[in-house]
1. Could you compute how fast the protein assembly as shown diffuses translationally, taking Rh as the Kirkwood radius over C-alpha pairs and applying Stokes-Einstein at 37 °C with viscosity 0.692 mPa s? Give it in µm² per second.
2. Top to bottom by accessible area (1.4 Å), largest first, where do A:S161, A:S93 land?
3. Please find the FRET efficiency linking A:T22 to A:V317, where r is the Cβ-Cβ separation and R0 is fixed at 41 Å, and quote it to the nearest 0.05.
4. When the Karplus curve 6.51 cos²θ - 1.76 cosθ + 1.60 is applied with θ = phi - 60°, which whole-Hz ³J(HN,Hα) does each residue of region A:316-324 get, with x for Gly and Pro?
5. Can you pick out the pairs among A:K38/A:K302; B:K73/B:K190; A:K127/A:K394; B:K69/B:K139 whose Cα atoms lie more than 32 Å from each other?
6. Please give the Cα centre distance for region B:114-190 versus region A:281-336, rounded to the nearest Å.
7. At R0 = 51 Å, how high is the FRET efficiency between B:N33 and B:N58 if r is their beta carbon distance? Nearest 0.05 is fine.
8. Cα extents of region B:25-244 along the three principal axes, largest first, in whole Å?
Amino acid sequence: MRKVFVFLFIMAFLADLKSQETLGITGHLLTDQRLGMKNENPWLWNENRLSLQFNKRSNKLRFQSEIWVRHLGMPQYKNLADLSNKDKVQPISLDLREASINIRGFLFEPLDLKIGRQRIAWGTADKFNPTDNLNPYDLEDILDFGRHNGSEAVSAIWNFSGTTSLQMVYIPFFRPANLPLAPFSGLLSGPEPTLEEWEIVSIENNTFPPKFNLKEGAILGGRLKSSIRNTDVSVSYVYGRDGFPLPEKTTIQVLQNFYSTKLINELVFPRYHIFGADLAGSIGSVGVWTEAALFLPQEEFKQTTYFIYDPSLNPHVYDTVLMAKKAFLKFVLGADYTFKDGSYINVQYLHGFVHERGNGQLNDYLLFGWEKRFSSDKWLVRPIAGGIATTEFKDFSKNYGLIYSPEITYKGIDNLEIGIGAYIFEGNGGNLFNGLKDFNMIAAKMKYSF
Amino acid sequence: MKIKFLIFWSLTAIFFLLSNTTNAQDATSILNNVDKLLFAPKDQQSEVQLILSDKSGNQRIREAQLWQKGKEKRLFRFTSPAAEAGIGFLSLPDEVMYLYMPAFGKERRIASHVKNQPFAGTDFTYEDMESVNYASKYKAELLSQDDKSWYLKLTPLEGIRSDYAWVEVYVDKQHNYPLRMESYDRSGKKVKSSVYTFVKDGSYWYPKEVHMTDLKRNHSTRMISKTIKFDSNLSDDLFTVRNLIDY
């Protein structure tokens, strides 16, 4: 009910703004449905989204906002009383994606200042951007890897002549990544822990956010962007945190029957210095890009384990180094080409997925797509789309993952897109795509823009 | 006899050489005059309507805004339909072009392989949308003429990358504006045809309508200027990536 009041308040505020000066309202209506191919065909994804985008300009100011109103997931009623609770039967969520004011030419003509909740998209690679580390990942939809949430931030851009600019960003509050929703929720957290000879009957994962103060909670970043000959280049630095937590302290408590244990993790978000660089240009007629980020952990990250056999005795304590104070590099190499007949091919090699970290822990991914438009662009067909993942190409058969995701989209009516597709996964070992192989699905999507 | 023969052929060769040079000079000056007419205003801004027609006659309409400064700076931005509103295209000197798609929130430099592709579903390629001085891109050759028009063949100059092997253009003799252009691919096949309707506003001639037909796709786009304003001292800042992404 509170959400509805908030929404009505926002709408009333925006309606008031509109009455004073022209407020542009655009947006889209999206329905995205995915149905499992196995086990009685369960719905694996149900999203019905109304996106409202507000835009208003006056002189040097620009107000910009995006709100999602959604039915996401399945009804959550479990007992009769739940049927009286509309949040359980008809769950609606509100998501303020962005809300910011941009001041162009603030104090000095070349300076743009943007304050508020905003998306700061860095990097030139296609969807997989290792240098895009200011906003936290929004991975609620496991198949929408590149999506980020907005952050409350202050961004200042000094525009030099031509295409050169320097951007400085300050984000006062750290927010972690959104992990995938059920049934995909465990896929990015790694395998469940096991203990030899002991059965783990319960696991508690408690997160400890950094203190919300100037020193610990803040994220800082800077990026210098320019072009050299026919190539766009940028270098960046971020003093940030890992959006995915690591266990700093683990307590293993042996229960009374001496065969089972309870495991309590205290999870924290490690600090990094992240040095990034990217470039995009062309070699001959082929578009090429590369983007790399060097992650340097601020300190060695140790997990301290307290093994408690008997609460009256001192625990057995030992440390495990989860991440050495040693830099690791994530990178993307990509190329695309458009053929004379209008068909388009895109290939990317990726070292280190969004949730992977640490030396020796990064997998390799080869992602590709080929698409063609037909009938005056009314149909877009992607018969070849997918990727290959492996921990080690030398040992491919033991650890590999495949994704195949063909798609057909109809765009014959202005503002309307209707698409159907499939996601097929196969593999072996502990990689992400193999983890999805029980979730082969067919998908249908409709989007209306207004 | 032998000497006379040599003198005769030498004079003939010199005559043809000179006539060809004169021809080339004429064609170049015609093309320069076309450029002069097209880029006469210091700047211009217009609201345009694009009517896309497929082979069955189905039509789709787009609206856009266009800003031009000098010969080499152009900004084009769709305003409707909603799904395409905000898509922007910036053309800068030295064949530098940027595309902005609001959904991605960042600009992208247009690689050369994309330049021959239709721009946002229209029949204008990115190369067609580029703001460029014809004389600095093409070598002109006068093929023929009649009372009303010159008929030129334009071949890309060395070092200029173009998807067209050559372009044939009819130029109005009285006012120096293009009437019709036909573009040919490397196999010598005519691939594009555009028809221009020029009108005068104040002291400037401008294309009120360009009807571009993609002969391969059997699809056409009419770009109609609904409003136009000249010489309003547009700032250089308008033609920057900073402005392109500020939508």
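The values are calculated or read from the model by the stated rules, or taken from the named source; none is laboratory data. Owing to the predicted nature of the structure, the values given are computational and were not obtained by experimental measurement. In this analysis, Cβ positions are derived from the backbone assuming ideal geometry, glycine residues included, and neighbour counts consider all displayed protein chains. Note: areas computed on protein heavy atoms with side chains; ligands, DNA, RNA excluded. Shrake-Rupley method; radii C 1.70, N 1.55, O 1.52, S 1.80 Å.
1. Working: Rh = 29.1 Å.
Taking Rh from Cα pairs, D becomes 113 µm²/s.
2. On the way: A:S161 100, A:S93 35 Å².
Solvent-accessible surface, decreasing: A:S161, A:S93.
3. E between A:T22 and A:V317, to the nearest 0.05, is 0.05.
4. Each residue's phi maps through the Karplus curve to give 7, 10, 8, 10, 10, 7, 8, 8, 6 Hz.
5. On the way: A:K38/A:K302 41 Å; B:K73/B:K190 29 Å; A:K127/A:K394 27 Å; B:K69/B:K139 24 Å.
From A:K38/A:K302; B:K73/B:K190; A:K127/A:K394; B:K69/B:K139, over 32 Å: A:K38/A:K302.
6. That distance is 55 Å.
7. Working: r = 39 Å, r/R0 = 0.77.
In this case the efficiency is close to 0.85.
8. Projected onto its principal axes, the Cα set of region B:25-244 covers 50, 41, 35 Å.
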